[in-house]
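Reading through the structure tokens given below for one structure.
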Amino acid sequence: MRSWLCCAALLAASSTQALAQTGSGAEPSGDADRRAAATEAAMTNAERVAMLNGILAMPLGDTKIPEGAPLGAGYIPGVPRLAVPALTETDASLGVSYLGGLRGDGATALPSGMAMGSTWSPELMRAGGALIASEAHAKGFNVLLAGGINLVRDPRGGRVFEYLGEDPLHSGLLGGAAVAGIQSRNVISTIKHFALNPTEIGRQFHNGILEEGALRMSDLLAFEIAIEQGQPGSVMCAYNKVNGAQACGNDRLLNGILKKDWGYKGWVMSDWGSVRATDFALAGLDQQSGSQLDAAVHFGAPLLDAANSDRKYRTRVADMSRRILRSIYAVGVDRNPPQKAAIDVAAGATVAQDIAEKGIVLLQNRDGILPLAASAKKILVVGGYADAGVLSGAGSSQTQGQGGPAVSLPTMKDGLFTALMAQNYHRSSPLDAIRARAPQADVSFRDGRYPAEAALAAKHADLVIVFGTQWLTEGLDAPDLSLPQGQDEVIAAVAKANPKTVVVLETGGPVAMPWQRDVAAIVEAWYPGARGGEAIAAVLFGDVNPSGRLPVTFPASVAQLPRPDLPGAETVEPSFAGHGKPGQTLDIDYNVEGADVGYRWFARKAEKPLYPFGFGLSYTSFDRSGLSVAGGAAPAATFTLRNSGARDGADIGQVYLVETPRGKTRRLVAFARADLKPGEARTVEVPIDPRLLADWTPKGWNIAPGTYRFALGASAEDLLEEVGVQIAGKTWNYTR
């Protein structure tokens with residue numbers, strides 16, 4: 001246990017209601033420990049090792065998929081004589097993965113991680129997690145490869161769209177709530193990718209370099225908070241190296257930090273194709289996933305031979321299998337097995353649209369052009385396949401509804417990952433939704449292939465809505481922050497022809513906006529999911545008041561980033577697998593920014609971004625006041641939010657640490673979302689995790705004694721008057 005630290009974590013959990021709450025049949029921690037120990041003691045070494053490796057459960061070469069096992073990411077046999085169920089796994093960051101339609105079914109596609117992060121709502125994250133788990137359960141799965149919370153260190157990263165943001169408190173609380181929602185339906189959730197996995201280039205061999213103190217205060221802190229909040233049954237290690245050692249064979253990360261310091265009781269599974277040797281088991285890896293993608297089944301016969309002949313391996317194999325059993329019992333997988341059934345499409349669509357609406361961020365609204373007036377007679381919609389659907393990110397998280405995508409553009413000629421790497425659009429047309437919302441208007445469409453054609457049509461419209469898209473995918477990073485295929489030129493041409501231009505962005509992460517000053521409004525819709533078209537129309541016409549706030553900083557240009565040149569772009573050939581050439585390596589030095597990720601980097605460098613972390617506009621106005629901070633053993637922030645406008649809206653109060661006895665800083669330490677009617681005020685109290693006031697030192701977490709200053713604001717840049725409080729010094733570490 002962790003005395004002071006533990007108390008703070010519990011306070012934070014009660015504030016956000018993000019503590020793991022398991023479903024019926026789940027067992028208290030102590031009971032799960034005892035059952036796991038008893039079952040493991042009754043197993044043979046062969047039975048233990050059989051649980052420690054699994055196949056990619058897809059038609060691949062001569063792979064034999066067990067009868068009745070659903071096609072998905074993985075299958076691990078159980079132990080029938082001891083009533084241990086098989087593990088059936090699916091990718092599920094944003095919904096049950098579509099697998100190119102191999103199963104012949106669809107699932108609810110939730111909005112992207114960036115959209116979810118923009119809600120700043122643990123409650124919505126929990127609801128989304130519960131929905132995905134319910135649909136997975138109905139398709140025969142009991143393990144979700146979900147819980148992606150790597151911090152966004154580079155906005156060009158190919159999986160940025162899957163992650164939640166750039167701040168460890170924000171990502172940790174939201175990610176933990178999603179995991180708790182999943183496991184409330186008796187489905188095990190992973191949390192991934194552990195650790196320092198912010199970029200896809202050369203992902204199997206690039207080496208993330210970051211000194212441990214900075215790592216503990218940034219990326220690892222997000223994982224630590226999320227694990228405390230959600231209690232995930234499994235942690236998935238990453239492809240890349242961390243400080244010279246493969247993440248899945250990294251003794252310091254897995255044995256030292258995760259299991260010893262944090263006391264993690266679940267199991268560590270590998271990412272698919274990331275195991276290099278049997279001795280990864282001694283470094284803390286508990287299970288080899290997708291073994292066909294590795295050079296050998298390292299956790300098969302070689303591990304069994306080692307367990308039968310070497311005491312240290314025998315002890316380790318017992319621990320590995322016991323950890324898996326514990327999670328099965330703790331989450332209630334054995335007592336509530338998956339039951340194949342039809343999913344509730346309407347219920348899923350409702351949750352997806354609610355998240356999309358609350359995650360859309362209004363970035364610009366010159367002269368109050370939004371919400372759109374019902375009197376508009378001629379509306380032109382341009383680009384983005386808006387006549388067909390809304391964009392989704394690609395890779396293992398690709399989710400589609402029944403019938404598959406509305407549009408699918410292949411990006412690879414052939415191979416195993418062709419379907420996963422397609423540029424797909426969900427069947428939710430913004431154009432149809434706009435026409436339904438404005439039946440009296442003449443709503444026309446141009447595909448945006450030719451700037452001149454779009455500009456000519458724009459001259460004859462009352463207003464123009466241009467859709468800009470940026471496709472991101474697992475396996476590949478974006479070379480820059482532009483909108484590809486000439487879309488920036490289209491937007492510029494349309495805005496020149498008609499100043500009443502509204503830009504709706506469907507992007508995986510931040511993008512540059514060279515046309516920003518020429519357009520009237522900018523709406524960041526991210527990848528908005530199964531009902532994205534309807535959500536976008538609801539915000540444009542004011543049926544929904546936008547309340548999303550940016551979970552990442554939008555840089556004005558790549559020159560502001562810690563690494564303006566994309567690491568490895570000149571030497572590493574783009575590849576989904578990312579193995580590279582024999583012996584190839586790529587060092588990426590994250591010590592440049594250290595723990596100062598995102599908005600903290602911009603504050604340190606005194607750089608002005610295009611849009612700051614936490615930013616977002618509304619159709620109403622808010623007053624924020626009354627910040628007070630209590631020190632002591634359980635620090636907390638209290639503040640008041642008031643709707644000073646004329647319509648219902650939601651605000652997100654954000655409290656930042658701006659100065660410590662060590663000097664100026666910028667760190668989010670508390671936040672709260674409040675839905676308010678006109679004139680309504682709400683005072684909230686939010687615990688402050690002591691780790692957010694501390695620095696990591698060789699002796700552990702250290703809070704220097706002295707004056708700490710805080711500010712309440714609407715973003716990381718828009719801060720009110722500072723409040724100072726005296727805080728006693730303290731140093732603490734983990735105890736077993």
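The values are calculated or read from the model by the stated rules, or taken from the named source; none is laboratory data. All values derive from a computational prediction rather than experimental measurement. Using ideal geometry, Cβ is built from the backbone for each residue, glycine included, and neighbour counts are taken over all protein chains shown. In case anyone asks, the SASA skips ligands and DNA or RNA and just uses the protein heavy atoms, side chains included. Shrake-Rupley method; radii C 1.70, N 1.55, O 1.52, S 1.80 Å.
Within segment 399-428, the set of residues being over 22 Å from A577 (Cβ atoms) and among the hydrophobic types (A, V, I, L, M, F, W, C) comprises A406, V407. Contact map, segment 573-598: residues that are under 29 Å from W696 (Cα atoms) paired with residues that are open to solvent by less than 20 Å² (accessible area, probe 1.4 Å) and charged (D, E, K, R), Cβ distance under 6 Å, separation 6+ or inter-chain. Pairs shown: V597/R153; V597/E166; G598/E166. In segment 134-239, counting only strands (runs of 3 or more DSSP E) that sit wholly within it, the ones holding 1 or more residues that are closer than 29 Å to S557 by Cα and at pLDDT 95 or above span 188-194, 206-209. Kindly establish whether T63 is of a type outside the set (A, V, I, L, M, F, W, C), in a helix (DSSP H, G or I) and more than 28 Å from the chain's Cα centre (by Cα). So T63 fails the test. Of all residues in segment 443-454, those being out of contact with any Lys or Arg (no Cβ under 7 Å at 6 or more places or on another chain) and either in a loop (DSSP other than H, G, I, E, B) or among the hydrophobic types (A, V, I, L, M, F, W, C) (or both) number 6. Selection of first residues in segment 328-352 that are hydrophobic (A, V, I, L, M, F, W, C) and of second residues that are open to solvent by 40 Å² or more (accessible area, probe 1.4 Å) and in a helix (DSSP H, G or I), restricted to Cβ pairs under 6 Å at least 6 apart or on distinct chains, gives the following pairs, ordered by first then second residue: V351/A127.
Counting the residues of segment 367-394 that are touching a helix residue (DSSP H, G or I) at 6+ places or on another chain (Cβ under 8 Å) and closer than 25 Å to E89 by Cβ gives 1. Only one entry in G626, G632 is of a type outside the set (D, E) and under 23 Å from D695 (Cα atoms), namely G632. Could you list all residues from segment 458-509 that are surrounded by fewer than 21 Cβ atoms within 10 Å (Cβ to Cβ) and either closer than 30 Å to F205 by Cβ or among the aromatic types (F, W, Y) (or both)? Those that are surrounded by fewer than 21 Cβ atoms within 10 Å (Cβ to Cβ) and either closer than 30 Å to F205 by Cβ or among the aromatic types (F, W, Y) (or both): P479, D480, S482, P484.
Here N240 meets the list (1) of a type outside the set (A, V, I, L, M, F, W, C); (2) open to solvent by 10 Å² or more (accessible area, probe 1.4 Å); (3) touching a residue at least 40 places away in the same chain (Cβ under 8 Å) almost entirely, failing just condition (2). Of all the listed residues (A556, A535, A521), the sole one being touching a residue at least 40 places away in the same chain (Cβ under 8 Å), closer than 30 Å to G649 by Cβ and open to solvent by 10 Å² or more (accessible area, probe 1.4 Å) is A556. Open to solvent by less than 10 Å² (accessible area, probe 1.4 Å) and on the phi > 0 side of the Ramachandran plot - does that describe any residue in segment 148-161? Looking for residues that are open to solvent by less than 10 Å² (accessible area, probe 1.4 Å) and on the phi > 0 side of the Ramachandran plot, one finds none in segment 148-161, hence no. Exactly one residue out of R276, R203, R185, R216 is out of contact with any Phe, Trp or Tyr (no Cβ under 9 Å at 6 or more places or on another chain), farther than 14 Å from M320 by Cβ and touching a residue at least 40 places away in the same chain (Cβ under 8 Å): that is R185. If you check T665, T640 for being in a strand (DSSP E or B), more than 21 Å from P168 (Cα to Cα) and not hydrophobic (A, V, I, L, M, F, W, C), only one passes: T640. Among the residues in segment 478-485, are any under 30 Å from G653 (Cβ atoms) and in a loop (DSSP other than H, G, I, E, B)? For segment 478-485, residues under 30 Å from G653 (Cβ atoms) and in a loop (DSSP other than H, G, I, E, B): present. Filtered by the rule that a residue be farther than 14 Å from H426 by Cα and open to solvent by 30 Å² or more (accessible area, probe 1.4 Å), segment 391-413 gives P410, T411, M412, K413. Residue count for segment 697-718, restricted to those that are open to solvent by 40 Å² or more (accessible area, probe 1.4 Å) and within 26 Å of R216 (Cβ to Cβ): 5. Of all the listed residues (E27, E40), the sole one being buried (at least 20 other Cβ atoms within 10 Å of the Cβ) and not in a helix (DSSP H, G or I) is E27. Restricting G401, G395 to those that are more than 25 Å from V490 (Cβ to Cβ) and in contact with a Ser or Thr (Cβ under 6 Å, 6 or more places away or on another chain) reduces the list to G395. Out of the residues in segment 604-625 that are on the phi < 0 side of the Ramachandran plot and either among the β-branched types (V, I, T) or out of contact with any strand residue (DSSP E or B) (no Cβ under 9 Å at 6 or more places or on another chain) (or both), state the one that is most open to solvent (accessible area, probe 1.4 Å). Step by step, filter segment 604-625, then rank; the result is K608. Residues that are surrounded by fewer than 17 Cβ atoms within 10 Å (Cβ to Cβ), among the aliphatic types (A, V, I, L, M) and more than 30 Å from Y450 (Cβ to Cβ) do occur in segment 354-376, at least one of them.
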